[in-house]
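The values are calculated or read from the model by the stated rules, or taken from the named source; none is laboratory data. Note that the coordinates shown come from a computational prediction; the quantities given were computed from them, not determined experimentally. With ideal geometry, Cβ positions are generated from the backbone for all residues, glycine too; neighbour counts draw on all protein chains shown. Quick note on the areas: whole protein, heavy atoms, side chains included, nothing else; ligands and nucleic acids left out. Shrake-Rupley method; radii C 1.70, N 1.55, O 1.52, S 1.80 Å.
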Amino acid sequence: MRTFTGRLTACLLATGIGGPTMAQTVSPGPSGAVTPVEIAAETINGDLRCRPPRARLPAEERLELRVVNSSERPVAFAAPKFFNASQIVESGGFTWDIAQDRFVVAPRSTVWVRLQSPVPGEYYYSCFEQGQIPTDSTSGFLIVVPAAR
């Protein structure tokens, strides 16, 4: 099984910090509806905020995780245990950089990742600006619950 970094690198094609690039879909995924899950990053009075602090999503189902950056600055998103436990299908959007277990969403852009969600559990996520440490207002949990059948 490939690591998260390898899977995400294969999915999000990006250059370095020089500027945003468009990530392309690199592997065809099964067609059909997906459940959208959105994490919103915004700047309020100069401080970065990410919401929701607790997002519920179904276990072992196809979904699309969207990280929407409405701020004027690039924002990193990290959820390493969640991504490592998921099966990445495809991704796209505007990204500035890819590093181990995270990606950077360009200002006023969205990055999306379609995946098969992991088994039930609580998975920590964080948003942060380059060189900053995540805080309570920029972090939360992806709470994966048994899917309704």
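Things worth noting here:
- Residue within the stretch 128-143 that is over 19 Å from P53 (Cβ atoms) and open to solvent by less than 10 Å² (accessible area, probe 1.4 Å) present: no
- Some residue of the stretch 76-92 being of a type in the set (D, E), in contact (Cβ under 8 Å) with a residue 40 or more places away in the chain, open to solvent by 40 Å² or more (accessible area, probe 1.4 Å) and in contact with a strand residue (DSSP E or B) (Cβ under 7 Å, 6 or more places away or on another chain): no
- Taking the numbered list (1) open to solvent by 20 Å² or more (accessible area, probe 1.4 Å); (2) of a type in the set (A, V, I, L, M, F, W, C); (3) touching a residue at least 60 places away in the same chain (Cβ under 8 Å) in turn, F103 passes all entries but (1).
- Within the stretch 91-112, considering residues that are at pLDDT below 90 and among the aliphatic types (A, V, I, L, M), the one nearest to V67 (Cα to Cα): I98
- One residue stands out in the stretch 54-69 among those that are open to solvent by less than 30 Å² (accessible area, probe 1.4 Å) and out of contact with any Pro (no Cβ under 8 Å at 6 or more places or on another chain): the one that is farthest from T138 (Cα to Cα), namely L57.
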